[in-house]
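What follows is a single structure, written as C-alpha coordinates, with notes after it.
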Amino acid sequence: MREPAFWQQRASWLSRLLTPLGAVYGEIAAARMMRQGTVVGIPVICVGNYHTGGAGKTPTTLALVKLLRELGETPVVLSRGHGGKLRGPVKVEPGRHSAADVGDEPLMMARDVPVVIARDRVNGAALARSTGASVIVMDDGFQNPAIAKDLSLIVIDGNRGLGNGRIFPAGPLRAPLDRQIPRTDALVVIGDGIAATGVAALVHGRGGKVFTARLKPDATSVQALQDKRVLAFAGIGDPGRFFRTLRHAGVDVVVEKAFGDHHPYTAQEIDALVVQAGSAGLTLVTTEKDLVKLRGMPAAAEIVGFAVALEVEDKDGLRSLVRESINRAKAGIKR
(Lines give C-alpha, C1' and ligand atoms only; values in the text may rest on other atoms or scores of the structure.)
Protein backbone atom coordinates (compact mmCIF):
# COMPACT_ATOMS: atom_id res chain seq x y z
CA MET A 1 0.00 0.00 0.00
CA ARG A 2 1.24 3.49 -0.88
CA GLU A 3 0.38 6.16 1.68
CA PRO A 4 -2.12 8.72 0.33
CA ALA A 5 -0.49 12.10 -0.24
CA PHE A 6 -3.24 13.92 1.67
CA TRP A 7 -2.16 12.21 4.89
CA GLN A 8 0.77 14.63 4.94
CA GLN A 9 -1.33 17.71 4.15
CA ARG A 10 -2.76 19.74 7.02
CA ALA A 11 -5.60 21.24 4.97
CA SER A 12 -7.22 18.66 2.71
CA TRP A 13 -10.89 18.44 1.76
CA LEU A 14 -10.59 14.66 1.43
CA SER A 15 -9.18 14.36 4.94
CA ARG A 16 -11.99 16.52 6.33
CA LEU A 17 -14.55 14.44 4.44
CA LEU A 18 -13.19 11.23 5.98
CA THR A 19 -12.81 12.60 9.52
CA PRO A 20 -16.21 11.32 10.78
CA LEU A 21 -15.30 7.83 9.63
CA GLY A 22 -11.93 8.23 11.32
CA ALA A 23 -13.67 9.17 14.57
CA VAL A 24 -15.67 5.94 14.52
CA TYR A 25 -12.59 3.88 13.64
CA GLY A 26 -10.61 5.62 16.37
CA GLU A 27 -13.16 4.93 19.09
CA ILE A 28 -13.29 1.24 18.16
CA ALA A 29 -9.48 1.05 18.14
CA ALA A 30 -9.21 2.88 21.46
CA ALA A 31 -11.77 0.59 23.14
CA ARG A 32 -9.90 -2.42 21.81
CA MET A 33 -6.61 -1.15 23.25
CA MET A 34 -8.15 -1.07 26.73
CA ARG A 35 -8.74 -4.82 26.84
CA GLN A 36 -6.70 -6.88 29.27
CA GLY A 37 -3.91 -8.80 27.55
CA THR A 38 -2.70 -12.32 28.26
CA VAL A 39 0.41 -12.64 30.45
CA VAL A 40 2.63 -15.06 28.53
CA GLY A 41 5.12 -16.00 31.25
CA ILE A 42 8.16 -14.03 30.07
CA PRO A 43 8.74 -10.29 29.62
CA VAL A 44 7.31 -8.69 26.48
CA ILE A 45 8.73 -5.54 24.90
CA CYS A 46 6.71 -3.97 22.09
CA VAL A 47 8.21 -1.80 19.35
CA GLY A 48 5.35 0.04 17.69
CA ASN A 49 4.01 3.12 15.92
CA TYR A 50 1.17 5.52 16.57
CA HIS A 51 0.47 5.47 12.84
CA THR A 52 0.45 3.25 9.79
CA GLY A 53 3.47 3.08 7.51
CA GLY A 54 7.16 3.09 8.23
CA ALA A 55 9.12 5.04 10.81
CA GLY A 56 12.03 2.73 11.60
CA LYS A 57 10.53 -0.12 13.64
CA THR A 58 12.73 -2.82 12.10
CA PRO A 59 16.12 -1.18 12.81
CA THR A 60 14.82 -0.26 16.27
CA THR A 61 13.83 -3.88 16.88
CA LEU A 62 17.27 -5.11 15.81
CA ALA A 63 19.00 -2.51 17.99
CA LEU A 64 16.88 -3.66 20.93
CA VAL A 65 17.80 -7.28 20.23
CA LYS A 66 21.49 -6.33 20.39
CA LEU A 67 20.97 -4.46 23.66
CA LEU A 68 19.07 -7.40 25.20
CA ARG A 69 21.88 -9.78 24.30
CA GLU A 70 24.34 -7.43 25.98
CA LEU A 71 22.16 -7.78 29.10
CA GLY A 72 22.46 -11.56 28.93
CA GLU A 73 18.94 -12.16 27.61
CA THR A 74 17.79 -14.48 24.82
CA PRO A 75 15.37 -12.43 22.72
CA VAL A 76 12.97 -13.82 20.13
CA VAL A 77 11.11 -11.46 17.81
CA LEU A 78 7.36 -11.98 17.45
CA SER A 79 5.77 -10.61 14.29
CA ARG A 80 2.39 -10.82 12.63
CA GLY A 81 4.17 -11.62 9.38
CA HIS A 82 2.57 -8.83 7.35
CA GLY A 83 2.57 -9.66 3.65
CA GLY A 84 3.16 -13.37 4.18
CA LYS A 85 0.65 -16.12 3.44
CA LEU A 86 1.43 -18.31 6.48
CA ARG A 87 -0.77 -17.72 9.52
CA GLY A 88 1.60 -19.44 11.93
CA PRO A 89 2.67 -19.82 14.53
CA VAL A 90 5.90 -20.76 12.78
CA LYS A 91 9.57 -20.06 13.36
CA VAL A 92 11.06 -18.32 10.33
CA GLU A 93 13.79 -20.30 8.56
CA PRO A 94 15.59 -18.12 5.97
CA GLY A 95 16.76 -21.14 4.00
CA ARG A 96 13.25 -22.56 3.69
CA HIS A 97 10.83 -19.65 3.82
CA SER A 98 10.36 -16.81 1.35
CA ALA A 99 9.05 -13.29 1.85
CA ALA A 100 5.79 -14.49 0.29
CA ASP A 101 5.55 -17.07 3.10
CA VAL A 102 6.42 -14.99 6.16
CA GLY A 103 6.72 -11.35 5.10
CA ASP A 104 9.79 -9.33 4.15
CA GLU A 105 10.66 -7.86 7.56
CA PRO A 106 10.55 -11.19 9.48
CA LEU A 107 12.65 -12.86 6.78
CA MET A 108 15.26 -10.10 6.92
CA MET A 109 15.44 -10.08 10.72
CA ALA A 110 15.68 -13.88 10.89
CA ARG A 111 19.24 -13.64 9.59
CA ASP A 112 20.25 -12.08 12.94
CA VAL A 113 17.69 -13.24 15.52
CA PRO A 114 15.09 -16.01 15.94
CA VAL A 115 11.75 -14.79 14.60
CA VAL A 116 8.29 -16.27 15.09
CA ILE A 117 5.35 -15.15 12.98
CA ALA A 118 1.74 -15.65 14.05
CA ARG A 119 -1.60 -14.03 13.37
CA ASP A 120 -2.60 -15.21 16.85
CA ARG A 121 -0.01 -13.46 19.00
CA VAL A 122 -0.69 -15.54 22.12
CA ASN A 123 0.08 -18.75 20.24
CA GLY A 124 3.09 -17.05 18.70
CA ALA A 125 4.36 -16.08 22.14
CA ALA A 126 3.99 -19.69 23.30
CA LEU A 127 6.11 -20.89 20.38
CA ALA A 128 8.72 -18.19 21.04
CA ARG A 129 8.92 -19.25 24.68
CA SER A 130 9.25 -22.92 23.71
CA THR A 131 12.27 -22.08 21.54
CA GLY A 132 14.13 -20.76 24.59
CA ALA A 133 13.24 -17.06 24.58
CA SER A 134 13.82 -15.20 27.83
CA VAL A 135 12.27 -12.02 26.38
CA ILE A 136 9.82 -11.47 23.51
CA VAL A 137 10.31 -8.44 21.30
CA MET A 138 7.05 -7.66 19.50
CA ASP A 139 7.61 -6.09 16.10
CA ASP A 140 4.49 -3.90 15.90
CA GLY A 141 1.28 -4.71 17.80
CA PHE A 142 1.13 -1.68 20.09
CA GLN A 143 -2.60 -1.31 19.40
CA ASN A 144 -3.21 -5.07 19.62
CA PRO A 145 -4.44 -6.04 23.12
CA ALA A 146 -3.85 -9.81 22.85
CA ILE A 147 -0.62 -9.86 24.88
CA ALA A 148 0.17 -7.90 28.04
CA LYS A 149 3.20 -5.68 27.39
CA ASP A 150 5.84 -4.90 29.98
CA LEU A 151 7.46 -2.10 27.98
CA SER A 152 6.15 -0.21 24.94
CA LEU A 153 8.61 1.72 22.77
CA ILE A 154 7.04 3.91 20.09
CA VAL A 155 9.07 4.86 17.03
CA ILE A 156 8.49 8.11 15.13
CA ASP A 157 10.32 9.78 12.27
CA GLY A 158 11.58 13.23 13.20
CA ASN A 159 11.02 14.55 9.69
CA ARG A 160 7.52 13.18 9.04
CA GLY A 161 6.01 13.13 12.51
CA LEU A 162 2.32 12.14 12.45
CA GLY A 163 1.41 13.69 9.12
CA ASN A 164 -1.89 15.54 9.31
CA GLY A 165 -2.55 14.12 12.78
CA ARG A 166 -5.92 12.60 11.82
CA ILE A 167 -7.18 9.07 12.37
CA PHE A 168 -7.36 6.45 9.62
CA PRO A 169 -8.70 6.73 6.95
CA ALA A 170 -8.60 10.54 7.25
CA GLY A 171 -4.95 10.33 8.25
CA PRO A 172 -2.25 7.88 9.35
CA LEU A 173 -3.10 7.54 13.08
CA ARG A 174 -4.22 4.07 14.16
CA ALA A 175 -6.11 5.38 17.19
CA PRO A 176 -6.66 8.75 18.91
CA LEU A 177 -3.31 10.12 20.04
CA ASP A 178 -4.59 10.99 23.51
CA ARG A 179 -5.44 7.32 24.04
CA GLN A 180 -2.08 6.08 22.80
CA ILE A 181 0.30 8.38 24.66
CA PRO A 182 -0.69 7.22 28.18
CA ARG A 183 0.27 3.66 27.18
CA THR A 184 3.68 4.78 25.88
CA ASP A 185 6.69 4.04 28.08
CA ALA A 186 9.25 5.58 25.73
CA LEU A 187 9.40 7.40 22.42
CA VAL A 188 12.27 6.89 19.98
CA VAL A 189 12.61 9.85 17.60
CA ILE A 190 14.64 8.93 14.52
CA GLY A 191 16.41 11.69 12.61
CA ASP A 192 17.16 15.35 13.20
CA GLY A 193 13.82 16.80 12.09
CA ILE A 194 11.48 18.71 14.40
CA ALA A 195 8.15 17.21 13.27
CA ALA A 196 7.96 15.00 16.38
CA THR A 197 8.73 17.76 18.90
CA GLY A 198 5.12 18.19 20.01
CA VAL A 199 4.55 14.48 20.44
CA ALA A 200 7.81 14.14 22.39
CA ALA A 201 6.68 16.90 24.75
CA LEU A 202 3.37 15.11 25.37
CA VAL A 203 5.13 11.82 26.14
CA HIS A 204 7.65 13.51 28.41
CA GLY A 205 4.88 15.43 30.16
CA ARG A 206 3.25 12.16 31.19
CA GLY A 207 6.50 10.73 32.56
CA GLY A 208 7.58 8.77 29.49
CA LYS A 209 11.16 8.64 28.29
CA VAL A 210 12.21 10.26 25.00
CA PHE A 211 15.24 9.03 23.09
CA THR A 212 16.77 10.45 19.95
CA ALA A 213 18.37 8.17 17.39
CA ARG A 214 19.63 8.10 13.83
CA LEU A 215 20.16 5.53 11.14
CA LYS A 216 23.85 4.91 10.55
CA PRO A 217 24.79 3.40 7.17
CA ASP A 218 26.93 0.28 7.20
CA ALA A 219 30.50 1.16 6.20
CA THR A 220 30.72 -1.78 3.80
CA SER A 221 27.54 -0.68 2.03
CA VAL A 222 28.85 2.86 1.66
CA GLN A 223 32.18 1.58 0.34
CA ALA A 224 30.40 -0.56 -2.27
CA LEU A 225 28.76 2.56 -3.70
CA GLN A 226 31.71 4.92 -3.50
CA ASP A 227 32.24 6.89 -6.73
CA LYS A 228 29.18 5.25 -8.29
CA ARG A 229 26.05 6.87 -9.69
CA VAL A 230 22.99 4.95 -8.55
CA LEU A 231 19.37 4.19 -9.27
CA ALA A 232 17.78 3.71 -5.85
CA PHE A 233 14.45 1.94 -5.39
CA ALA A 234 12.47 0.98 -2.32
CA GLY A 235 9.10 -0.49 -1.35
CA ILE A 236 8.94 0.58 2.29
CA GLY A 237 6.67 2.80 4.35
CA ASP A 238 8.77 5.90 3.65
CA PRO A 239 10.99 5.46 0.58
CA GLY A 240 12.03 9.11 0.88
CA ARG A 241 13.83 8.36 4.13
CA PHE A 242 15.90 5.70 2.35
CA PHE A 243 16.83 8.10 -0.45
CA ARG A 244 17.79 10.79 2.09
CA THR A 245 19.93 8.30 4.02
CA LEU A 246 21.80 7.41 0.85
CA ARG A 247 22.50 11.04 0.03
CA HIS A 248 23.57 11.87 3.58
CA ALA A 249 26.08 9.01 3.27
CA GLY A 250 27.56 10.66 0.20
CA VAL A 251 25.93 8.35 -2.37
CA ASP A 252 25.21 9.96 -5.75
CA VAL A 253 21.50 9.14 -6.23
CA VAL A 254 20.61 9.98 -9.81
CA VAL A 255 17.22 8.23 -10.06
CA GLU A 256 14.65 7.39 -7.35
CA LYS A 257 11.94 4.75 -7.75
CA ALA A 258 9.37 4.51 -4.94
CA PHE A 259 7.00 1.56 -4.56
CA GLY A 260 4.27 0.87 -2.01
CA ASP A 261 5.11 -0.58 1.40
CA HIS A 262 5.78 -4.36 1.24
CA HIS A 263 5.56 -4.20 -2.56
CA PRO A 264 5.71 -7.72 -4.10
CA TYR A 265 8.17 -7.18 -6.94
CA THR A 266 7.75 -9.12 -10.16
CA ALA A 267 10.64 -10.38 -12.27
CA GLN A 268 9.46 -8.05 -15.04
CA GLU A 269 9.69 -5.00 -12.75
CA ILE A 270 13.21 -5.89 -11.63
CA ASP A 271 14.33 -6.66 -15.18
CA ALA A 272 13.02 -3.25 -16.26
CA LEU A 273 15.00 -1.56 -13.48
CA VAL A 274 18.15 -3.45 -14.52
CA VAL A 275 17.70 -2.31 -18.13
CA GLN A 276 17.05 1.30 -17.07
CA ALA A 277 20.08 1.37 -14.80
CA GLY A 278 22.32 -0.31 -17.37
CA SER A 279 21.37 2.08 -20.14
CA ALA A 280 22.30 5.07 -17.97
CA GLY A 281 25.42 3.52 -16.43
CA LEU A 282 23.86 3.43 -12.96
CA THR A 283 24.24 0.95 -10.10
CA LEU A 284 21.02 -0.45 -8.64
CA VAL A 285 20.66 -0.15 -4.86
CA THR A 286 17.80 -0.98 -2.51
CA THR A 287 17.05 -1.65 1.14
CA GLU A 288 17.86 -4.94 2.83
CA LYS A 289 14.15 -5.46 3.37
CA ASP A 290 13.49 -5.13 -0.34
CA LEU A 291 16.46 -7.29 -1.28
CA VAL A 292 15.16 -10.37 0.58
CA LYS A 293 12.05 -10.29 -1.63
CA LEU A 294 14.22 -10.65 -4.74
CA ARG A 295 15.80 -13.94 -3.74
CA GLY A 296 15.71 -16.38 -6.63
CA MET A 297 15.54 -13.69 -9.31
CA PRO A 298 18.64 -13.84 -11.55
CA ALA A 299 18.78 -10.04 -11.73
CA ALA A 300 19.10 -9.77 -7.94
CA ALA A 301 22.83 -10.45 -8.22
CA GLU A 302 23.23 -7.02 -9.87
CA ILE A 303 21.57 -5.13 -7.01
CA VAL A 304 23.41 -3.72 -3.99
CA GLY A 305 21.67 -3.98 -0.62
CA PHE A 306 22.22 -0.92 1.57
CA ALA A 307 22.39 -1.80 5.26
CA VAL A 308 21.74 0.60 8.13
CA ALA A 309 21.76 0.28 11.91
CA LEU A 310 20.03 2.39 14.55
CA GLU A 311 22.22 4.39 16.91
CA VAL A 312 20.52 5.69 20.05
CA GLU A 313 22.07 8.82 21.52
CA ASP A 314 21.42 7.88 25.17
CA LYS A 315 22.12 4.17 24.91
CA ASP A 316 22.85 3.89 28.64
CA GLY A 317 19.48 5.42 29.44
CA LEU A 318 17.69 2.99 27.14
CA ARG A 319 19.64 0.08 28.62
CA SER A 320 18.60 1.10 32.14
CA LEU A 321 14.95 1.40 31.11
CA VAL A 322 14.97 -2.02 29.45
CA ARG A 323 16.80 -3.67 32.36
CA GLU A 324 14.41 -2.21 34.95
CA SER A 325 11.36 -3.26 32.92
CA ILE A 326 12.62 -6.82 32.52
CA ASN A 327 13.50 -7.16 36.19
CA ARG A 328 10.12 -5.78 37.22
CA ALA A 329 8.33 -8.14 34.83
CA LYS A 330 10.25 -11.18 36.03
CA ALA A 331 9.57 -10.30 39.67
CA GLY A 332 5.85 -10.03 38.91
CA ILE A 333 5.82 -13.36 37.03
CA LYS A 334 7.51 -15.16 39.92
CA ARG A 335 4.87 -13.93 42.35
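The values are calculated or read from the model by the stated rules, or taken from the named source; none is laboratory data. From a predicted model like this one, the values you see are computed outputs, not experimental measurements. We place every Cβ from the backbone using ideal geometry, glycine too, and count neighbours over all the protein chains shown. What goes into the accessible areas is simple: the full protein's heavy atoms, side chains included, and nothing from ligands, DNA or RNA. Shrake-Rupley method; radii C 1.70, N 1.55, O 1.52, S 1.80 Å.
A compact table of results
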item	result
Cα long-axis angle, helix 239-248 against the chain (0 to 90 degrees, to the nearest 10)	70 degrees
Anchor Lys315: lysines whose Cα lies under 27 Å away (excluding residues fewer than 8 positions away in-chain)	Lys57, Lys66, Lys149, Lys209, Lys216, Lys289, Lys330
Residue-span extension gain [Glu313 to Glu256] - 0.36 nm each, minus C-alpha spacing	17.5 nm
Relative packing of 135-141, 302-308, which averages over residues the other C-beta atoms within 10 Å, highest first	135-141, 302-308
Whole-Å semi-axes of region 244-335's equivalent ellipsoid (Cα gyration tensor)	41, 18, 9
Label-to-label distance, nm, for residues given as Gln268 and Ala5 (7 Å Cα→Cβ offset)	2.6 nm
Mean Cα-pair separation over length for region 96-249, i.e. relative contact order, pairs under 8 Å, 6 or more apart, %	15 percent
Dimensions in Å of region 56-130 - Rg and Dmax from alpha carbons	11.6, 35
Rough spin-label spacing in nm, given labels placed 7 Å along Cα→Cβ, for Ala219 and Ser130	4.3 nm
Chain lengthening between Thr38 and Trp13 when straightened (0.36 nm per residue, less Cα-Cα)	4.9 nm
Net charge, Ala175 excluded, C-beta distance under 10 Å - Lys, Arg +1, Asp, Glu -1	+2
Efficiency of FRET between Gln276 and Arg179 - r from beta-carbon atoms, R0 41 angstrom, step 0.05	0.35
Calculated log10 I(q)/I(0) by the Debye sum over Cα atoms at q = 0.06, 0.07, 0.14 Å⁻¹ (choose from [x] -0.25, -0.34, -1.11; [y] -0.35, -0.46, -1.10; [z] -0.21, -0.29, -1.19), label	[z]
Solvent exposure of region 204-335 as accessible area per residue, Å², 1.4 Å probe	52 Å²
Dmax and Rg, reported as Rg then Dmax, of region 53-211 (C-alpha, Å)	16.0, 47
Summed side-chain charge close to Val292 - residues other than Val292 whose Cβ falls under 11 Å, Lys, Arg +1, Asp, Glu -1	0
D_trans [Stokes-Einstein, Kirkwood Rh over alpha-carbon pairs] for region 1-59, 37 °C, 0.692 mPa s, µm² s⁻¹	223 µm²/s
Between region 263-335 and region 45-96, the Cα center-to-center distance that results, in Å	11 Å
Between helix 267-280 and the chain: long-axis angle, C-alpha atoms, 0 to 90°, nearest 10	50 degrees
Of all accessible heavy-atom area on region 139-224, the percent that carbon and sulfur account for (1.4 Å)	51 percent
With every protein chain in place, region 49-127: carbon and sulfur % of accessible area (1.4 Å)	49 percent
Per residue, in Å², the accessible surface of region 1-73 once ligands and nucleic acids are set aside, probe 1.4 Å	51 Å²
0 to 90° range, to nearest 10: angle between helix 13-33 axis and the chain longest Cα axis	40 degrees
